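Chemist: Would you mind keeping the following structure in view while I ask a few things?
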Amino acid sequence: MAANESPSPRQRAPFGSANSPLWEHDESEDEPYIEVVGSLNIDLVTRTKRMPRAGETLQAQSFSAGFGGKGANQAVACARLVRERLGGPPKNGTIVHMVGAVGGGGTGVDIGAQSYLDHLLKEGVNPGHVLVKDDVPTGTAVIVVEEDTGENRILITPGANGAIQSASELQLDNFPGGVVMFQLEIPIPVVRYINILG
């Protein structure tokens, strides 16, 4: 949505199950509301005794693939903190919402878009404004960790994170109040407009 367009009433995409009141948030209740706007990645992590030199091949200690991205990591951390502080899930539903995009184009690893959305739901994060961009892969982070020192080197491929065109594509026109978090890992014009809404 362009900055000079008039925002329309917010529309939330359906999520969760009708039999799962955990996901039915009543925004009229006086609860904290956290919106995380940012990146969702697949983390490809290799652990090694030391970093290879230019042109050198080393045998690594281990490899793992999992859900990551600074935005998604922050949303999951917030949801876990909420559960810890409340002693369980919020009584009126999710209060942590993720805004971003995953890809349907495949990443070369066996983690699909629906698996990512299911992961967020399991962690207590509302993925109602996470787009699935069918023509691009989910963003990836290739992470090499040196075990002896803990130093790491990270290469990011934006994928769907970089393919978000506008706030209107996210069906995000206003915020009901609370906290909005950014990491600047989606296109900056979209961040700027969402910041105005917040």
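The values are calculated or read from the model by the stated rules, or taken from the named source; none is laboratory data. As the structure is a prediction and not an experimental result, all values here were calculated from the model. Using ideal geometry, Cβ is built from the backbone for each residue, glycine included, and neighbour counts are taken over all protein chains shown.
Chemist: Restricting attention to region 32-41, does a residue exist that is at pLDDT below 85 and part of a loop (DSSP other than H, G, I, E, B)?
Modeler: yes
Chemist: Now, a different point. Answer with yes or no whether residue 155 is at pLDDT 85 or above and more than 27 Å from residue 60 (Cβ to Cβ).
Modeler: Details: at pLDDT 85 or above: yes; more than 27 Å from residue 60 (Cβ to Cβ): no.
Spelling it out, it is not the case that residue 155 is at pLDDT 85 or above and more than 27 Å from residue 60 (Cβ to Cβ).
Chemist: What are the residues in region 100-118 that are surrounded by 19 or more Cβ atoms within 10 Å (Cβ to Cβ), modelled with pLDDT of 65 or more and touching a Pro at 6+ places or on another chain (Cβ under 7 Å), if any?
Modeler: 103, 117
Chemist: Moving on. Please go through region 34-69 and pick out each residue that is surrounded by fewer than 20 Cβ atoms within 10 Å (Cβ to Cβ), polar (S, T, N, Q) and within 28 Å of the chain's Cα centre (by Cα).
Modeler: Of everything in region 34-69, those that are surrounded by fewer than 20 Cβ atoms within 10 Å (Cβ to Cβ), polar (S, T, N, Q) and within 28 Å of the chain's Cα centre (by Cα) turn out to be 46, 48, 62, 64.
Chemist: Could you grab me the full set of residues in region 163-198 that are modelled with pLDDT of 70 or more and either β-branched (Val, Ile, Thr) or in contact with a His (Cβ under 8 Å, 6 or more places away or on another chain) (or both)?
Modeler: 164, 170, 179, 180, 186, 188, 190, 191, 194
Chemist: Which one of the conditions (1) within 30 Å of residue 51 (Cα to Cα); (2) in a loop (DSSP other than H, G, I, E, B); (3) at pLDDT 85 or above does residue 140 fail to meet, given that it meets all the rest?
Modeler: So residue 140 meets the others, but not (2).
Chemist: Mind listing whichever residues of region 125-139 are buried (at least 24 other Cβ atoms within 10 Å of the Cβ) and closer than 24 Å to residue 33 by Cα? Can you show your working first?
Modeler: Residues of region 125-139 buried (at least 24 other Cβ atoms within 10 Å of the Cβ): 125-127, 130, 138-139.
Hits for region 125-139 are 125, 126, 127, 130.
Chemist: Residue check: is residue 131 of a type in the set (A, V, I, L, M), at pLDDT below 90, part of a strand (DSSP E or B) and closer than 20 Å to residue 180 by Cα?
Modeler: Working: of a type in the set (A, V, I, L, M): yes; at pLDDT below 90: yes; part of a strand (DSSP E or B): yes; closer than 20 Å to residue 180 by Cα: yes.
So residue 131 passes the test.
Chemist: Continuing with the same structure: Checking the structure you have, find out if any residue of region 92-99 is more than 25 Å from residue 182 (Cβ to Cβ) and modelled with pLDDT under 90.
Modeler: Step one: of region 92-99, the residues more than 25 Å from residue 182 (Cβ to Cβ) are 92.
Going one step further and asking which of them are modelled with pLDDT under 90, we end up with 92.
Looking for residues that are more than 25 Å from residue 182 (Cβ to Cβ) and modelled with pLDDT under 90, one finds at least one in region 92-99, hence yes.
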